[in-house]
1. Restricting attention to the range 319-335, and to residues there that are of a type in the set (A, V, I, L, M, F, W, C) and assigned to a strand (DSSP E or B), which single residue is least open to solvent (accessible area, probe 1.4 Å)?
2. Which ones in the range 167-201 are part of a helix (DSSP H, G or I) and open to solvent by less than 20 Å² (accessible area, probe 1.4 Å)?
3. Could you list all residues from the range 336-385 that are of a type outside the set (S, T, Y), under 26 Å from A275 (Cβ atoms) and in a loop (DSSP other than H, G, I, E, B)?
4. Restricting to the range 202-234, name every residue that is farther than 23 Å from L277 by Cβ and crowded, with 24+ Cβ neighbours inside 10 Å.
5. Within the range 152-159, can one find any residue that is in contact (Cβ under 8 Å) with a residue 24 or more places away in the chain, open to solvent by 30 Å² or more (accessible area, probe 1.4 Å) and on the phi > 0 side of the Ramachandran plot?
6. What are the pairs with Cβ atoms under 6 angstrom where one residue, in the range 166-182, is closer than 16 Å to P114 by Cα and without any contact (Cβ under 8 Å) to a residue 60 or more places away in the chain and the other, located anywhere, is open to solvent by less than 20 Å² (accessible area, probe 1.4 Å) and hydroxyl-bearing (S, T, Y)? Sequence gap at least six, or different chains.
7. F239: touching a residue at least 12 places away in the same chain (Cβ under 8 Å) and either more than 17 Å from C328 (Cα to Cα) or not acidic (D, E) (or both), yes or no?
8. Go through the residues of the range 6-14 one by one and say whether even a single one is at pLDDT below 95, open to solvent by 90 Å² or more (accessible area, probe 1.4 Å) and closer than 21 Å to H368 by Cβ.
Amino acid sequence: MPSNNSVSNAPITQFINCRILRDHKIQREDLWVREGKILDPEKLFFDEKGFADMRIDCENRIIAPGFIDVQINGGYGVDFSLASGDISGGVALVAKKILEHGVTSFCPTLVTSPSSVYSQVLPQIEVQNGGVSGAGVIGVHLEGPFISEEKRGAHPPKFLRSFEAGVTDLLEIYGKLDNVAMVTLAPELANSGPVIQELVRRGITVSVGHSMADLSQAEEAVIQGASFITHLFNAMLPFHHRDPGIVGLLTSDKVPPGRRVFYGMIADGIHTHPAALRIAHRAHPTGLVLVTDAVPAMGLPAGRHTLGQQQIDIQGLHAYVAGTKTLCGSIATMNMCVRHFRQATGCSVEAALEAASLRPAESLGLDHRKGTLDFNTDADFVVLDDALTVQETYIAGQQVWKK
């Protein structure tokens, strides 16, 4: 029972001797937490005459919002696209392991699969808050099967689908969409417009990707409600000065007023050349969302593993479709991506951290409670040293991992 006069009996924790990322800059300020939320100390002092029950010395480290990964296919041998006997157990294992990477929320991602896989897997991946048992699940990302055959990448061609009857096809393949946060589709597919509109109406973020779309087709998709680009530069037409393709959305003047297009970047040093990272970030810095696109072999040794319906080979930091040189996701972790992104672009520490926290939260419409350290938001955060190495991870103000 707190000994102060605050309006709640819940204990108050004050994190001291820290630098916190707030309002797009790192500033020397204490962080106050109560009942899993960030607390406004002025209201506490002046309105409630309250004070801290516990102080934690952060030893001059940085506190940033917890990282959010909107595209992760699995890890540690778990494949979210495999209809195994214990799907929820596999999700829980990955959720627990990625705490050490600073990830506090994520979107388990399913690659192109037969409809039987969606009907088995989707009901078992529930949206849930994070905690000591692992990072929170904010919804599933469905990447495919409504994508381009020419730009399918590592997606198995025999399971690709088109929109013959629009939304009906979508529901036939996926079944229920209750736990879905994002869908990646190719906007040049016939009848994609009504599908995009319906998904957005249901509160699902629509991403364009694995696509042969030209710029006008991509812009039309954005006008219909699409707001994200899946792993920019990868699995799309290359930038051309007469038709920049999907990449041109970064500077398009056809994006409706008040809207912003976000784009995922795999900053693992393999999928995207540092110069391409720099071009994208300088063209549209507030849209860049770091994603791992991690495959089940993340955290496992080199060798052969599975991804959905495919066999994959891990060679060093590369993940290939078995027997080819086709990249199929990464084995990078989010903390690695943050550091590589900062090093490759020369961006500020603030921008690198926000690309893994604020921007993904904004892209999913969750920034009123995730991705920031604003007052009354969820107290999900990471404690880092100056090299941006994760030292501790907190969810709802509770330490869930320590180095």
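1. Once the filter is applied, the top-ranked residue is A319.
2. L170, Y174, S192, G193, V195, I196, L199
3. Of everything in the range 336-385, those that are of a type outside the set (S, T, Y), under 26 Å from A275 (Cβ atoms) and in a loop (DSSP other than H, G, I, E, B) turn out to be G346, C347, A356.
4. Hit for the range 202-234 is A221, nothing else.
5. yes
6. Between residues of the range 166-182 that are closer than 16 Å to P114 by Cα and without any contact (Cβ under 8 Å) to a residue 60 or more places away in the chain and residues that are open to solvent by less than 20 Å² (accessible area, probe 1.4 Å) and hydroxyl-bearing (S, T, Y), the close pairs are Y174/Y118.
7. It is false that F239 is touching a residue at least 12 places away in the same chain (Cβ under 8 Å) and either more than 17 Å from C328 (Cα to Cα) or not acidic (D, E) (or both).
8. No, every residue in the range 6-14 fails to be at pLDDT below 95, open to solvent by 90 Å² or more (accessible area, probe 1.4 Å) and closer than 21 Å to H368 by Cβ.
The values are calculated or read from the model by the stated rules, or taken from the named source; none is laboratory data. What you are looking at is a predicted structure, and each value in this text was computed from that prediction instead of being measured. All Cβ positions, glycine included, derive from the backbone under ideal geometry; neighbour counts span all protein chains shown. When the accessible area is computed, the model is the full protein with side chains, heavy atoms only, and any ligands, DNA or RNA have been set aside. Shrake-Rupley method; radii C 1.70, N 1.55, O 1.52, S 1.80 Å.
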